[in-house]
Amino acid sequence: MSNIQSAFENKKAFIAFITCGDPDLETTAAAVRAAAENGADLIELGIPFSDPTAEGPVIQGANVRALQGGVTTDQIFALVKELRSDVKVPMVFMTYSNVVFSYGTERFLSTCHDIGIDGLILPDLPFEEKEEFQPACRKYGVDLISLIAPTSENRIAMIAKEAEGFLYIVSSLGVTGTRSEISTDLASIVDIVRQNTDIPCAIGFGISTPEQAKKMADISDGAIVGSAIIKLLEKYGKAAPEYVGAYVKSMKDALR
Amino acid sequence: MTNPNGRFGSHGGQYIPETLMNAVIELEEAYNHYKNDRQFNQELTELFNEYAGRPSRLYYAEKMTKDLGGAKIYLKREDLNHTGSHKINNVLGQALLAKKMGKTRLIAETGAGQHGVATATAAALMGMECVVFMGEEDTVRQALNVYRMRLLGAEVIPVKSGTATLKDAVSEAMREWTSRISDTHYCLGSVMGPHPFPTIVRDFQAVISKEIKEQLYAKEGKLPDAVIACVGGGSNSIGSFYHFIDDKDVKLIGCEAAGRGIDTFETAATMNTGRVGIFHGMKSYFCQDEYGQIAPVYSISAGLDYPGVGPEHAYLHDIGRAEYVPVTDDEAVCAFEYLSKTEGIIPAIESAHAVAHAMKIAPKMNKDQIIVITISGRGDKDCAAIARYRGEDIHE
């Protein structure tokens, strides 16, 4: 069993997303610790990319701020290494294919292994292209997380059968960002997933309130929240970790 | 030349969000069906000939030939097409395909505005809704084309993210497509993006080289020695090259926008300054920094101002079948003025990059050799910007 699955053991998982380097790496470290201490079961660390095509305006903004601050992949590796001395929850990277490819896929994943990264999410890598990164992920014990979308339909079983770590179910059409309503028939998607794999599945995109998180976690194994946390970082800057901690606690409490 | 997974050598592929996968699979299946459908091809030929004004002329540029004193120069006049550029070839094909697929809405990105205008035109003709994404900076550089699109009934959305140019317009169109797929076709404007776009767009643009071959054979009874075209994403160039790829004696030359020079950061010459990466759905060459962040690129030409290049070009580059040369802003502006004064033809500033390279190599070639330059578009849209480049403050 991969370390990622420990995040789902006997509980509904709350997964927090934080863009590294927004507004700076010190704040990222404090926000990650605040999230972990307040009940986040898994943390997605975003490595910023210049052109994040799957992101809505909120996370695009975080990418811009982080890159303007000069953050690099190497600095993020150093941050994770430092965090790993006390943060025990599973951590995965979320970034775009070119960030990994350009660094050197082998070098990127061997570093992930060395610093204690458990998984990798690439929103621009569909099932058909996963051979690009899967061999190196396997070699270094990093789970390559697959995504399922509202449009996946006949593809759900195929994707679920080969999934590793956990399955990321995209709640809605479009890009990341908070939504007042999620209308996709997610229960049917989760049903097909369950028929094809034992690995856990969590729902993300559009979730911001404890009520939404509970609703999503009730039909799956957990809820993923990104933009709502990024909004706190955007609003409070260096003072954000305290607010992130309180927010994560309110979300996790709703899942208990 | 495409393998089943949409690869050109190691380039190409489908690096897109899962949300879009069924849409591109559906598109591929529809295209594979209709490309051999007699009625589809008849309708497309009718649109090409009766609406867009094809075949475009292959014009012998006699004054230019004599002035340069070397190879005989022919101009493939894509600028004479309806809407003023080669973009209409691809758009008519994709709009017809989208209509057959039951789509009622076209979205598109545009740089110089030529592809946006062509898409807005096809949408008007076929009674479809149209939304065009255009970098905010480009809406300023190409204000006239923004008006043309609106006049044709399209909604133009200025894109403010990133560098507010073509790459950001592509990103925003992709984001829009993920949010609305069932009734919407993304009418991609170049031989780029995820499979099957590079193949579909190439096939619709290949009419250019098909005609060049036939027209030159009628006029000269032989193949050209060189075919020269400008390369941004690379649609007019792959269209100009395609039917000559197997004719190994025909030199294929793509002209990239070097901006202020390939030794500066203000360039868009992807093959000459970039390296292999994965972006906008494809593996190909991209201008990027050491961490894979896509570089801001620069060219005087909004249509060549893109940090990547189509995967088939990347492959032709790798195997040495085509040559990709950088042409600076200054050289392109000189060629823009030269062709206007010498032949009475005002080329698009994009096409002027190809003219500039021909001006360099034609004098060194023999008089019995033949160069074909693709004039991908007309230059009216560029006049105000070139005047400003020369220090004349005129307004459209």
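For this structure, a couple of remarks:
- Note on chain B: GNM, Cα springs under 10 Å; of B:G232, B:G53, B:G135, the largest mean-square fluctuation is that of B:G53.
- Size of electric dipole in the stretch A:89-215: Cβ of Lys, Arg +1 and of Asp, Glu -1, about Cα centre, debye, nearest 20: 200
- Charge tally in the Cβ shell below 12 Å around B:E62, where Lys, Arg are +1 and Asp, Glu are -1, B:E62 excluded: +1
- Taken residue by residue and averaged, Cβ atoms of other chains lying within 10 Å of the Cβ of B:16-28 number 6.
- Projecting the Cα atoms of B:V355, A:Y168, B:C230 onto the dipole axis of the protein assembly as shown, where Lys and Arg carry +1 and Asp and Glu carry -1 at the beta carbon, places B:V355 farthest toward the positive end.
- Across B:K341/B:K381; B:K87/B:K251; B:K66/B:K364, pairs whose alpha-carbon gap is larger than 21 Å: B:K87/B:K251
- At most 15 other Cβ within 10 Å, DSSP loop - trypsin sites (Lys or Arg not before Pro), the stretch B:204-246: B:K222
- Take every DSSP beta bridge whose two residues both sit in chain B; close to 30 percent of them are antiparallel.
- Only beta bridges with both residues in the protein assembly as shown are counted; by DSSP, about 20 percent of them are antiparallel.
- Helix-only arithmetic for chain B: the sum of -39500 (n - 2.57) across DSSP H runs with n ≥ 4, divided by the residue total, places the mean residue ellipticity at 222 nm at -12500 deg cm²/dmol.
- Fewest-first ranking of A:S146, B:S10, A:S85, A:S2, using other Cβ atoms within 10 Å as the exposure measure: A:S85, B:S10, A:S2, A:S146
- Here the simple spin-label model places points 7 Å from the Cα toward Cβ, and for A:D86 and B:L125 these points are separated by 6.7 nm.
- Chain B shape via C-alpha gyration tensor axes, a/c threshold 1.5: rounded
- Net charge of Cβ neighbours under 10 Å - reference B:A348; Lys, Arg +1; Asp, Glu -1: -3
- Rounded Å value of the spacing that divides the Cα centres of the stretch B:354-396 and the stretch B:100-129: 28
- When +1 charges are put on Lys and Arg Cβ atoms and -1 charges on Asp and Glu Cβ atoms, the dipole computed for chain B relative to its Cα centre reaches about 780 debye.
- Helical runs assigned H by DSSP (4 residues or longer) give chain A a calculated mean residue ellipticity at 222 nm of -13000 deg cm²/dmol, each run adding -39500 (n - 2.57) before division by the residue total.
- Local charge for B:D329 was computed over the other residues whose Cβ lies under 10 Å away, with Lys and Arg +1 and Asp and Glu -1, and equals -2.
- Cleavage-rule hits (GluC sites (Glu not before Pro)) in the stretch A:5-72: DSSP loop, at most 10 neighbouring Cβ within 10 angstrom: A:E9
- Anisotropy class of the stretch A:3-255 from Cα gyration tensor, a/c 1.5 cut: rounded
- Loop GluC sites (Glu not before Pro), the stretch A:90-191 (other Cβ atoms within 10 Å of the site Cβ: 14 or fewer; DSSP): A:E162, A:E181
- Across all Cα atoms of the protein assembly as shown, the radius of gyration (one decimal) and Dmax (whole number) stand at 25.7, 84 Å.
- Among A:N98, A:N154, A:N38, the residue with the largest mean-square fluctuation in a Gaussian network model of chain A, with springs joining Cα atoms closer than 10 Å, is A:N154.
- Here the translational diffusion coefficient of the stretch B:1-79 follows from Stokes-Einstein with Rh set to the Kirkwood radius across Cα pairs; for 25 °C and 0.890 mPa s it amounts to 146 µm²/s.
None of the figures in this text is laboratory data; all of them are computed from the coordinates on show. Since the structure is predicted, the reported quantities are computational estimates derived from the model, not experimental observations. For neighbour counting, all protein chains shown are included, and Cβ atoms are generated from backbone atoms with ideal geometry for every residue, glycine included.
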